[in-house]
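The values are calculated or read from the model by the stated rules, or taken from the named source; none is laboratory data. As the structure is a prediction and not an experimental result, all values here were calculated from the model. Counting neighbours? That spans all protein chains shown, and the Cβs are built from the backbone with ideal geometry, glycine included. Each accessible area value is taken on the protein alone, full model and side chains, heavy atoms only, with ligands, DNA and RNA left out. Shrake-Rupley method; radii C 1.70, N 1.55, O 1.52, S 1.80 Å.
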Number of protein chains: 2
Amino acid sequence: MYADIEPEIFKTKKGNPMPKHFEQAPGLHEGPVPETEGYVFNQTMLRIKDPERSMDFYTRVMGMRLVRKLDFPEMKFTLYFLAYLDDRQAGLVPADDAHRTTYTFGREAMLELTHNWGTESDRDFAYHSGNEEPQGFGHIGIAVPDVYAACERFEDLKVEFVKKPDDGKMKGLAFIKDPDGYWIEILQPDMLEKQRKSS
Amino acid sequence: MYADIEPEIFKTKKGNPMPKHFEQAPGLHEGPVPETEGYVFNQTMLRIKDPERSMDFYTRVMGMRLVRKLDFPEMKFTLYFLAYLDDRQAGLVPADDAHRTTYTFGREAMLELTHNWGTESDRDFAYHSGNEEPQGFGHIGIAVPDVYAACERFEDLKVEFVKKPDDGKMKGLAFIKDPDGYWIEILQPDMLEKQRKSS
């Protein structure tokens, strides 16, 4: 099938079809899965206690944009969809609500925050980060051009750290907490590559 | 700043600068945040009990590709990074391990699965999905071109459902479970738009 489309890209140097994966591991399915063509990893959903605090954090501190908000008054919850969009991408987002909903659900890397109405005024209410027992979900991760500059700014903004960039064994990556205590990894894509070159 | 670059895109019809967000909500920061330029929502990390089951599920059932695997023998864990890549995108992934690490950490929408060695042989070991108490993380979501076709296939493959597409109040979207019990929303981007038109 690959050969029909663009043989120079989809064959390795030896003329074999491109392998499906870039690593080996038990359980990997090597064949094509045509039924999943067009699938997109669209969203990650976290419950939040107080949308005002979360909007402030994700837009002012983290620099994301609120793309869509969907209210479900009968079920008393609201969904907030945030993304990183540069100005050019933002210029392509549909202004029409219905079209923007479709855009929101079709795009990669949307952060969906769910607010069940009322939790913000319950002083003792808190969500579970997944990093204490019982463990499960770990974190979301934001790639930044300069991890040290990003973390200096987070410190100035009084963001809570789980790990500063040079704490512990793994240097050059940090973990901060969002207003609900969810962990956010702050990483610089080329850090490992740089560290291996200089060591 | 916008005007310097491409005025026809970055101004509204009335000539005002494009608003930062597409919705209004308390807490939203309206000004630009130049310090976060280049930030990317790179990853979502979930802990998994048994990598062989998870690799089979995410590559055979969900159709993702394993892009990078990083072993940390001193700390006895392995990280698996999966993504949806079409053949053209896959052809652009660096073959060199160090470059592929940088690629992995710079791209949107990577699913990171963490395996702490040994959990797979502990019969009673289980991770927490975040949807039972204590709640927190909700789900990841995969957009598919046809939610009914996708779910018929998942049924054939004996995938466990939390909600079939037409169960409950919200029609046309489903939730399935991954091997650890994490919820995966299966959604069709234009479903809400279609339903509103036809109602």
Here the qualifying pairs (Cβ atoms under 8 Å; residues six or more apart or on different chains; first in the stretch B:42-71 and facing chain A (nearest Cβ under 7 Å); second buried (at least 21 other Cβ atoms within 10 Å of the Cβ) and polar (S, T, N, Q)) come out as B:T44/A:T44; B:R65/B:T59; B:L66/B:T59; B:V67/B:T104; B:R68/B:T101; B:R68/B:T104
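Determine whether A:F125 is at pLDDT 95 or above, open to solvent by less than 50 Å² (accessible area, probe 1.4 Å) and under 25 Å from A:P51 (Cα atoms).
No.
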Out of curiosity, is A:T104 open to solvent by less than 20 Å² (accessible area, probe 1.4 Å), under 17 Å from A:V40 (Cβ atoms) and more than 7 Å from chain B (Cβ to nearest Cβ)? yes
Return the residues of the stretch B:56-90 that are buried (at least 16 other Cβ atoms within 10 Å of the Cβ), assigned to a helix (DSSP H, G or I) and not aliphatic (A, V, I, L, M); say none if nothing qualifies. B:D56, B:F57, B:Y58, B:T59, B:R60, B:D87
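Scan the stretch B:127-138 residue by residue and report those that are assigned to a loop (DSSP other than H, G, I, E, B) and not small (G, A, S).
Let us first name the residues in the stretch B:127-138 that are assigned to a loop (DSSP other than H, G, I, E, B), namely B:127, B:129-135.
Across the stretch B:127-138, the qualifying residues are B:Y127, B:N131, B:E132, B:E133, B:P134, B:Q135.
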For A:N42, the lone unmet condition from (1) within 13 Å of the chain's Cα centre (by Cα); (2) over 22 Å from B:A83 (Cα atoms) is (2)
Please verify whether the stretch B:156-170 includes one or more residues that are in contact (Cβ under 8 Å) with a residue 40 or more places away in the chain and over 16 Å from the mean Cα position of the chain (by Cα). yes
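Strands (runs of 3 or more DSSP E) wholly in the stretch B:139-199 with at least 2 residues that are open to solvent by 30 Å² or more (accessible area, probe 1.4 Å) and of a type outside the set (A, V, I, L, M, F, W, C) - which ones? Write out each step before concluding.
Working: elements: B:161-163, B:174-177, B:183-187.
No strands (runs of 3 or more DSSP E) qualify here.
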Boolean, A:G106 is out of contact with any Lys or Arg (no Cβ under 8 Å at 6 or more places or on another chain), farther than 20 Å from B:Y103 by Cα and in contact (Cβ under 8 Å) with a residue 40 or more places away in the chain: yes
